[in-house]
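In what follows, a structure is listed as structure tokens, so that the remarks can point back to it.
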Amino acid sequence: YTSYVSFEYNQKAGIAQFVNDVPNIVQPEKTAAFEWGLKINLPEQKLNFNIDIFRMDIRDYQQAVQVFDAYQTALNNNGTSAYASATGNASRVRDNGLEIDAFYKGIANTTLRFSGAYNNAYYVSYTNAGQPIENANSASPTVDDTGKQLAGNSKINFNLGGDYRIPVWGGKLFHTSWNTMFESRFNSDASFSNYAWVPAHSVTDWSIGLSNVRQTFDVTLITKNLFNNSTPQSITWNSYSPAVQRWLGLQFSGKL
């Protein structure tokens, strides 16, 4: 058994930028991160298990926000403040959760693997967010997104897989493996548009092959996205990153 504790503090430099020729300074991003972990190795049970919990607090998180546009406000001259999208600071972000990594070799010729995380990343204070596209005609150019999950953050994700290897036909080695990746629902748009939700999904890869015992020669049939899951990688009202579609490949490898 091994346990550890770590603490880190770092800063990301600020940015000097102009919005319609008017200076707009982005403050440095400041991060304090704490982690406690436990590593367990049980050779007699053929089990290795690692777990950690973490918490990260970020002040002045740098991302796209709505900033005051002094030039456009003066140009409009109608008593209403104008805003523009630019890099800026969300006051506070927090990310906490846990991670698990394990493998088990207690079944003959088999290795089972698991790695996963619960990742709760959200805005503690974010009052200058831009309106989503469906609210483009709103009277206010900003919205308070305090409490929302960060864009692209799925709370739960894990990989579950295994390998099976066994000698066959005098001097040959049969092997097969699979891995399933799961990702929970998340919003892929920084403005949290209702059009940008990516549903929970899983993708499975699988392979089967034959090599010699010394593994100097191997031929393997590989399948990516075995069940042809079509969930997009990201989506907004006017953009779309499709899933990697199922494909099959035959791999030959060897060494002298």
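Worth a mention:
- Of all residues in the range 197-256 being open to solvent by less than 90 Å² (accessible area, probe 1.4 Å) and touching a residue at least 60 places away in the same chain (Cβ under 8 Å), the one that is farthest from the chain's Cα centre (by Cα): T236
- Within the range 46-77, being open to solvent by 70 Å² or more (accessible area, probe 1.4 Å), under 25 Å from the mean Cα position of the chain (by Cα) and under 30 Å from K105 (Cβ atoms) holds for one residue alone: I53.
- From the list A90, A86, the one residue that fits, being crowded, with 16+ Cβ neighbours inside 10 Å and under 13 Å from I25 (Cα atoms), is A86.
- Checking each residue in the range 19-68 for being at pLDDT 90 or above and outside any strand (DSSP E or B) picks out Q27, P28, K46.
- Every residue from the range 168-186 that is in contact with a Pro (Cβ under 8 Å, 6 or more places away or on another chain) and either assigned to a loop (DSSP other than H, G, I, E, B) or within 13 Å of A151 (Cβ to Cβ) (or both): R185
- Among residues of the range 156-174, those that are of a type outside the set (F, W, Y) and at pLDDT 95 or above, counted: 7
- Contact map, the range 98-109: residues that are on the phi < 0 side of the Ramachandran plot and touching a residue at least 12 places away in the same chain (Cβ under 8 Å) paired with residues that are of a type in the set (G, A, S) and in a strand (DSSP E or B), Cβ distance under 6 Å, separation 6+ or inter-chain. Pairs shown: E99/A117; I100/G116; D101/S115.
- Odd one out for E35, checked against (1) surrounded by 14 or more Cβ atoms within 10 Å (Cβ to Cβ); (2) in contact with a Lys or Arg (Cβ under 7 Å, 6 or more places away or on another chain): (2)
- Conditions (1) surrounded by 15 or more Cβ atoms within 10 Å (Cβ to Cβ); (2) part of a strand (DSSP E or B): number failed by D189: (2)
- Residue match in the range 169-184 (condition: among the small types (G, A, S), touching a helix residue (DSSP H, G or I) at 6+ places or on another chain (Cβ under 9 Å) and closer than 24 Å to N120 by Cβ): no
- Residue list for the range 225-256, filter: of a type outside the set (S, T, N, Q) and part of a strand (DSSP E or B): I235, Y240, W247, L248, G249, L250, F252, G254
- In the range 14-36, the residue that is nearest to T146 (Cα to Cα) out of those that are over 21 Å from the mean Cα position of the chain (by Cα) and of a type in the set (G, A, S) is G14.
- Pairs where the first residue, in the range 1-28, is under 15 Å from N89 (Cα atoms) and the second is among the acidic types (D, E), C-beta under 6 Å, 6+ apart: K12/E29; V19/D69; Q27/D60
- The range 95-152 - residue that is assigned to a strand (DSSP E or B) and in contact with a helix residue (DSSP H, G or I) (Cβ under 9 Å, 6 or more places away or on another chain) and, of those, surrounded by the most Cβ atoms within 10 Å (Cβ to Cβ): V143
- Of the residues S91, S81, the single one that is at pLDDT below 85 and farther than 30 Å from L112 by Cα is S81.
The values are calculated or read from the model by the stated rules, or taken from the named source; none is laboratory data. Given the structure is predicted, the values throughout are model-derived calculations rather than measurements. Glycine also receives a Cβ, built like all others from the backbone with ideal geometry; neighbour counts cover every protein chain displayed. Each accessible area value is taken on the protein alone, full model and side chains, heavy atoms only, with ligands, DNA and RNA left out. Shrake-Rupley method; radii C 1.70, N 1.55, O 1.52, S 1.80 Å.
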